[in-house]
Amino acid sequence: MALIIAVDGPAAAGKGTLAKALAAKLGLPHLDTGLLYRAVGRKMILCGLDPAVDDGAAVAAALEPGDLQRTDLRVPEIDQAASNVATQPAVRAALLQRQRDFAKALGGVIDGRDIGTVVFPDAPVKLFVTASARTRALRRHAQLHGDAPLSDEELVRLTSEITERDRKDASRAVSPLRCADDAVRIDTDCLNSAEVLEHALKIVGAR
Ligand code: CDP
Ligand code: CDP
């Protein structure tokens, strides 16, 4: 069977960076499942629908590859829209088979919130990447704004935005964010991206 590596964790922990690097190193396809929820949220807004209230299942079922390749999916408005549509069971159901089909032929490194718990519960390697909310807020700022200064006020705002999204992701009824019982947890507060990759490769090698 093709190798599947599940990478889960809270917002801005470095899931995508790790998943992409692992996939490149191991010659596997990479799927960032957050983009699916982001694309649904964005399309709903464009259609005049409210992701917090309206049913997004039809939009999710009709997603096209081009919807995922947009550069405007990683903006604060879409962070919120994605986290709202992600609470809808029908949206999650509409995206489930698409995620499984992605890895059918060649396997893959798949990152998100429920990959090791729901999408690929039998994945032979499951990683749960995490860090403190403050570290993650600093990372997201640097990712979006490079070396631009970050005021205390802005750091507090960013940290509370991230904490609130994690709270919502972890407390929803369907597929909440949680570390699978058989996942290896990687605390990355004191590790850079290269060190996280090195650690993850050892875990993959040991399985
Ligand atoms: O990059 P970041 O961690 O900020 O977010 P993301 O991975 O792009 O995911 C955006 C939102 O989509 C998350 O806050 C979740 O609400 C939702 N999501 C989910 O519910 N399940 C997934 N497998 C992936 C994302
Ligand atoms: O996918 P997720 O939202 O979990 O995070 P990401 O977009 O992969 O990473 C957020 C930022 O943290 C990126 O700019 C990474 O370069 C940086 N970073 C990291 O991924 N891992 C570390 N150990 C340190 C920083």
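FYI, it's all coordinate maths here, none of it is from the lab. As the structure is a computational prediction, the values presented were derived from the model and not from experiment. Every residue, glycine among them, receives a Cβ derived from its backbone with ideal geometry; neighbour counts consider all protein chains shown.
Descriptive notes on the structure:
- Excluding same-chain neighbours fewer than eight residues apart, the aspartates and glutamates reachable from Lys126 by a Cα-Cα span under 12 Å are Asp8, Asp111, Asp114, Asp181, Asp182.
- A Förster distance of 35 Å, applied to the separation of the beta-carbon atoms of Ala24 and Ala52, puts the FRET efficiency at 0.45.
- Between Arg178 and Glu164, the modelled labels are 2.5 nm apart [label points 7 Å from Cα along Cα→Cβ].
- The chain: Cα Rg divided by the 2.2 N^0.38 Å rule of thumb: 0.99
- Column: log10 I(q)/I(0), Debye, Cα scatterers of the stretch 85-207, q = 0.14, 0.15, 0.16, 0.20 Å⁻¹: -0.76, -0.86, -0.96, -1.26
- In Hz, Karplus ³J(HN,Hα) per residue of the stretch 99-112 (6.51, -1.76, 1.60; θ = phi - 60°; x = Gly, Pro): 5, 5, 4, 3, 9, 4, 7, 10, x, x, 10, 10, 10, x
- Label-to-label distance for Glu154 and Ala194 is 2.8 nm, based on points extended 7 Å past Cα in the beta-carbon direction.
- Its alpha carbons considered, the stretch 6-87 gives a radius of gyration followed by a Dmax of 13.5, 42 Å.
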